[in-house]
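Here's the structure, in structure tokens; my notes come after.
The values are calculated or read from the model by the stated rules, or taken from the named source; none is laboratory data. These numbers were taken from a predicted model, which means no experiment stands behind them. Positions of Cβ are generated from backbone atoms using ideal geometry, with glycine treated the same way; all protein chains shown enter the neighbour counts. Calculation scope for accessible area: heavy atoms of the full protein, side chains included, ligands and nucleic acids excluded. Shrake-Rupley method; radii C 1.70, N 1.55, O 1.52, S 1.80 Å.
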Amino acid sequence: MKTAVPCYYHLDVEVSPERVGQVGRILAAHLRYWDLETIVEPVRGTAELLLTAIDEHATDKHTSVEMWWNGQHLITAIGENDCDLRPDQDLRDCLEHLAAHSDGWGCCATDTGSKVIWFSQRARSGERVPLVPTAPAPSLREVLQVPRELMPAAVLAGRTRAVGVLEDAR
């Protein structure tokens, strides 16, 4: 099972063809450090694809890459500063790939006019453990036997005398 310790990483980079591969290796190293080996390749490939598309279509090459790990999902966000870049037109092929290879994704604008494209990957355990239903733990109500009939007074009186005799013997 993966650790539930939240992790965060931020990288500001000026995108170029040489830097795309380098950023992919940096992200992969952080994922391995966070013990998320199973999602290294999908995250690295999708991030590199987005960075390559930004390099090809954007005039402002300054981008920010952020990763958040919350114990179940890794969210990777890539923010670009080009106000003229239209993800729905310029990055259509890239977004189709992103939708096909991630658990969730989205694009949103910021107050400054830049855009953030994010995607999430759920981390799965490396070992396959079959799900087996567990038996419910007994509750206090199940252990105590509730009498269905009231006991006769003579039986209760005999028990009280027996308890008194045992206490006197001590």
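Round to the nearest 0.05 the FRET efficiency obtained for Asp111 and Glu41 when R0 = 45 Å and r is the Cβ-Cβ distance. Calculated value: 0.85. Stretched out straight at 0.36 nm per residue, the stretch from Thr52 to His101 would grow longer than its current Cα-Cα span by 16.0 nm.
Surface calculation, 1.4 Å probe, protein heavy atoms: Thr38 sits at approximately 70 Å² accessible. Near Thr63, once Lys and Arg are set to +1 and Asp and Glu to -1 for all other residues with Cβ below 11 Å from its Cβ, the sum equals -4. Ranked by solvent-accessible area (1.4 Å probe, protein heavy atoms only, all chains present), the residues Val5, Val65 order from largest to smallest as Val5, Val65.
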